[in-house]
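Quick notes on the structure that follows.
Derivation of every value follows stated rules applied to the coordinates shown; laboratory data play no part. These figures come from a predicted structure and were not determined experimentally. Here the Cβ is made from the backbone with ideal geometry for all residues, glycine too, and neighbour counts use every protein chain on show.
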């Protein structure tokens, strides 16, 4: 999808946690982004197909498709989609950019708000996404198990 505007980045947040949505939305709006939210992966995919987003930020555990499955679907719609995956269990599940298809994987911790702002700015400012669509299929068994 095309950029919404060079001055106001458009971000899609996908998370079932109301608190997670509110905090991330506040951080992104503070750095000058326009933010749309979805509480399920299906709602996020529908919004993505209908809208124009510079970056998608998705939680790993969301109702419906998990975050990794959502990333794969987003990449079928737009192979150059810029996506950040947020998860509290990155290390135990072995989640990386390579095995999730995300452009960045972010741990839920005290540093998350600052890191989220930096990652979004970095993804918006860089050229076309570097992730080839073929990377989606490599999901570890631990990552699949953690999504259930």
Flag for residue 27 being farther than 14 Å from residue 81 by Cβ and in contact (Cβ under 8 Å) with a residue 12 or more places away in the chain: yes
Answer from 51, 67, 20, 88 - the residue that is in contact with a strand residue (DSSP E or B) (Cβ under 8 Å, 6 or more places away or on another chain), under 16 Å from residue 119 (Cβ atoms) and surrounded by fewer than 23 Cβ atoms within 10 Å (Cβ to Cβ): 20
Count - residues of region 31-42 that are more than 10 Å from residue 15 (Cα to Cα) and touching a strand residue (DSSP E or B) at 6+ places or on another chain (Cβ under 8 Å): 4
